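What follows is a single structure, written as structure tokens, with notes after it.
The values are calculated or read from the model by the stated rules, or taken from the named source; none is laboratory data. Just so it is clear, the model here is predicted, and its values are computed rather than measured. Glycine also receives a Cβ, built like all others from the backbone with ideal geometry; neighbour counts cover every protein chain displayed.
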2 protein chains.
Amino acid sequence: MVRSVNVAIVGAGLVGSAFINQLQSLRSHAITYNVILIARSTKALVSKSYAPLPLANWSQDLAASSPASGLSPGDLAAYLEKSPLPVILVDNTSSDALAKVYPVFLSQGVSIATPNKKAFSSELGLWNSLFSSAANFAAEPKGKGFLYHEATVGAGLPVISTIKDLVATGDEVVKVEGIVSGTLSYIFNEFSTLSGGAPVNFSDVVNKAKELGYTEPDPREDLNGLDVARKLTILARLAGLDVQSATSFPVQSLIPRPLEEIEAVSEFMAKLPEYDGKMEETRAKAAEEGKVLRFVGKIDLSGESAQKVKVGIEKYDAAHPFASLKGSDNVIAFYTKRYGKNPLIIQGAGAGSEVTAMGVLGDVLKIAERVAK
Amino acid sequence: MVRSVNVAIVGAGLVGSAFINQLQSLRSHAITYNVILIARSTKALVSKSYAPLPLANWSQDLAASSPASGLSPGDLAAYLEKSPLPVILVDNTSSDALAKVYPVFLSQGVSIATPNKKAFSSELGLWNSLFSSAANFAAEPKGKGFLYHEATVGAGLPVISTIKDLVATGDEVVKVEGIVSGTLSYIFNEFSTLSGGAPVNFSDVVNKAKELGYTEPDPREDLNGLDVARKLTILARLAGLDVQSATSFPVQSLIPRPLEEIEAVSEFMAKLPEYDGKMEETRAKAAEEGKVLRFVGKIDLSGESAQKVKVGIEKYDAAHPFASLKGSDNVIAFYTKRYGKNPLIIQGAGAGSEVTAMGVLGDVLKIAERVAK
């Protein structure tokens, strides 16, 4: 008996496209995945009869579709509510508006798999309402949808599932320490090396990262530390901390204060070299101690630190696993009561459309196992 | 609505006891776990009415119970079949006899969570029949039990779930390389160090590991490499290789050949120092190249290596993550098509009753979410 589930996909950029391709390539499986909707900002393919959409040319079909002027979150909810099969909504956007209505979808029995951090790292009220609306967290799960968000931290790396398992089985998280921005991992791995070769300018590394497509089109969205702060908010909340928002704890911005008011990216990039001296000073001082700089998020529940959550530059010995990180890899160390002195460490590519899509697809498979009919 | 599930626990040694304690300590949860059976080799507490057993003094109660002469795997199956609630069988033994009847339990709808490697690393026929009997793998899952075995490799580390997710989402495993024996991790981390201090004798390190309780009572059960071979068999099969058994590929034994026929542990330990010279030679040669020795399992599906699976001593550069491993930690690197050049790495304690029990409990929670009524 092959079971089936309907899948509605919002967001068809790099991650969305990779997700659709991976979903199409799934090999023999006891569950059939019927894609009934693919939407991006102004376009939408919607199966009015809830029959599976043909996917062979989905990208062209989507481009040729009429503007989706009518596809508000409310309309989406109304459409999904009438699905004859259980539905998984895949939110591959970074939309705040869509994230805010997750509780509506969940309450009406629609499950959600998403790499979108917004719902989980915005105000604490939304987080609480999410977790009372989702079947996998609510005390009264009947009729509610499941909510999975592995790819919100570390892309396809098993970060969210690991911290959830630790907490669910009664382990106590003492400390979490991680490099969770692929962009800032790359920048600091290049800028502050173990070999101690000829120093490079911080702004040159940022430029190179931008050219390689490792940064957002506006690198300040990486340099302001907010992406890391959002991920730390999610991890801290899962560890049991009531973090109010991603701006309620200290986050070090790598944007020099005098450049904060600049509007154009080009002007910002042109002026960034003026501040290389300050970064070089920090780097050289660490190097003198045999250490390297890394941009790290820290959660400390041990009571040793006055600041439970913080994000910024830290120094590490050459022997520390964070010091030998390569490329744009992420690394996360969980110190817990059961794991003791040596943390549980997860490391690997934490950004990129293929591994992000894989994290989302892994969630879709897990939800489908629970809801498919 | 609180849902419930029955739990039957076989094996009440170190891991079994830690498991029962962790299960009792579970905080507020939407699922109630009723323990209806606790058994070890000669004793058993069985709730004939299927009402939850009182657990406050389970250890004393079990010790005072009558000999469980009647509790054969068949009797266990007959008892569990009549459970009014869905049942999870927790096999905390290393019994081959129990493992062989997993397909019977699964076929009658009993789910299984276990750290017992036997069922997964013995002959290929049992593996295949397991995976056609379990609801989470069978094409016709209706009425069948679920089979989870996270703790068979790396204890509580998310190793099994990670390789399963990689494969299920369509990634291709190219290579897996890991230090998966806590005992041999400790022995080589002590014997072959980065610092290159005064060399220690291999037999002295084995003795120390034995005294610390890191080895089996008979250290030859660690030194023969079979535990590592069993774990590699499981990983290789999950990666898609039809490995016939844990002895169907090259496994380097650390037991000197002339000592293989010795019976008493004490005689073996007394004679082991005679072979320190050979190990020291290997260590010193690696040290000359700036490398350390580690006891590693390797799976190579790239086609580059004639031998797809092998277990034995390998040399690693100081900069390699395996070289800086500490204590008795495990580390596993997954090289896949999507992860590219830098592998997905999972590291941390891979042995010990608390983290092993946690791996089993994590599985029990996941099964319960799917079957509880």
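Can you confirm whether the stretch A:190-197 contains a residue that is closer than 15 Å to A:THR215 by Cβ and either in contact (Cβ under 8 Å) with a residue 60 or more places away in the chain or of a type outside the set (Gly, Ala, Ser) (or both)? Yes - at least one qualifying residue is present in the stretch A:190-197. Among residues of the stretch B:170-217 being part of a loop (DSSP other than H, G, I, E, B) and of a type in the set (S, T, N, Q), the one that is modelled with the lowest pLDDT is B:SER195. Looking only at residues of the stretch B:188-209 that are touching a helix residue (DSSP H, G or I) at 6+ places or on another chain (Cβ under 8 Å) and under 17 Å from B:ALA349 (Cα atoms), we find that the one that is nearest to the other protein chains (Cβ to nearest Cβ) is B:GLU190. For the criterion of being aliphatic (A, V, I, L, M) and more than 9 Å from every other protein chain (Cβ to nearest Cβ), A:ILE299 passes.
For the stretch A:279-298, does any single residue satisfy the condition of being buried (at least 18 other Cβ atoms within 10 Å of the Cβ), assigned by TED's automatic domain parsing to the domain that holds A:TYR186 and part of a loop (DSSP other than H, G, I, E, B)? Looking for residues that are buried (at least 18 other Cβ atoms within 10 Å of the Cβ), assigned by TED's automatic domain parsing to the domain that holds A:TYR186 and part of a loop (DSSP other than H, G, I, E, B), one finds none in the stretch A:279-298, hence no. Scanning the stretch A:170-187 for residues being surrounded by 23 or more Cβ atoms within 10 Å (Cβ to Cβ) and facing chain B (nearest Cβ under 10 Å) gives a total of 1.
The numbered conditions (1) assigned by TED's automatic domain parsing to the domain that holds A:GLN24; (2) touching a Pro at 6+ places or on another chain (Cβ under 6 Å) are all true for A:PHE334 except (1). Of the residues that sit in the stretch A:1-21 and are surrounded by fewer than 21 Cβ atoms within 10 Å (Cβ to Cβ) and out of contact with any strand residue (DSSP E or B) (no Cβ under 6 Å at 6 or more places or on another chain), which one is nearest to B:ALA139 (Cα to Cα)? Applying the filter and picking the extreme gives A:MET1.
Give me the residue from the stretch A:30-51 that is touching a residue at least 24 places away in the same chain (Cβ under 8 Å) and more than 26 Å from the chain's Cα centre (by Cα) and, out of that set, farthest from B:PHE131 (Cα to Cα). Out of the qualifying residues, it is A:VAL46. Please work out which residue is farthest from the other protein chains (Cβ to nearest Cβ), limiting yourself to the stretch B:311-320 and to residues that are in contact (Cβ under 8 Å) with a residue 24 or more places away in the chain and outside any loop (DSSP other than H, G, I, E, B). The qualifying residue farthest from the other protein chains (Cβ to nearest Cβ) is B:GLY312. May I ask you to list the residues in the stretch B:218-247 that are of a type in the set (Asp, Glu) and part of a helix (DSSP H, G or I)? Those that are of a type in the set (Asp, Glu) and part of a helix (DSSP H, G or I): B:GLU221, B:ASP222, B:ASP227. Which one is nearest to the other protein chains (Cβ to nearest Cβ) among residues in the stretch B:129-160 that are surrounded by 24 or more Cβ atoms within 10 Å (Cβ to Cβ), part of a loop (DSSP other than H, G, I, E, B) and of a type in the set (A, V, I, L, M)? Filtering first and then ranking leaves B:LEU157. Filtering the stretch A:352-365 to residues that are more than 7 Å from every other protein chain (Cβ to nearest Cβ) and either surrounded by 21 or more Cβ atoms within 10 Å (Cβ to Cβ) or part of a strand (DSSP E or B) (or both) leaves A:THR356, A:ALA357, A:GLY359, A:VAL360, A:ASP363, A:VAL364.
Residues in the stretch A:252-261: is at least one assigned to a loop (DSSP other than H, G, I, E, B), out of contact with any Phe, Trp or Tyr (no Cβ under 8 Å at 6 or more places or on another chain) and loosely packed, with under 12 Cβ neighbours inside 10 Å? Yes, that holds for at least one residue. Mind checking which residues of the stretch A:321-345 are within 7 Å of chain B (Cβ to nearest Cβ), over 15 Å from the mean Cα position of the chain (by Cα) and closer than 19 Å to B:GLY340 by Cβ? Hits for the stretch A:321-345 are A:SER324, A:LYS326, A:GLY327. Considering only residues in the stretch A:117-128 that are surrounded by 24 or more Cβ atoms within 10 Å (Cβ to Cβ) and in contact (Cβ under 8 Å) with a residue 40 or more places away in the chain, the one that is nearest to B:LYS366 (Cα to Cα) turns out to be A:PHE120.
Total residues in the stretch A:22-76 satisfying the condition of being within 14 Å of chain B (Cβ to nearest Cβ), in contact with a Pro (Cβ under 9 Å, 6 or more places away or on another chain), modelled with pLDDT of 90 or more and crowded, with 17+ Cβ neighbours inside 10 Å: the figure is 1.
Beta carbons closer than 8 Å, at least 6 apart along the sequence or on distinct chains, pair a first residue in the stretch B:1-21 that is free of Cβ contacts under 8 Å to residues at least 60 places away in the same chain and more than 10 Å from every other protein chain (Cβ to nearest Cβ) with a second that is of a type outside the set (Ser, Thr, Tyr) and assigned to a strand (DSSP E or B) for B:ILE20/B:ILE9; B:ILE20/B:VAL35; B:ILE20/B:ILE38.
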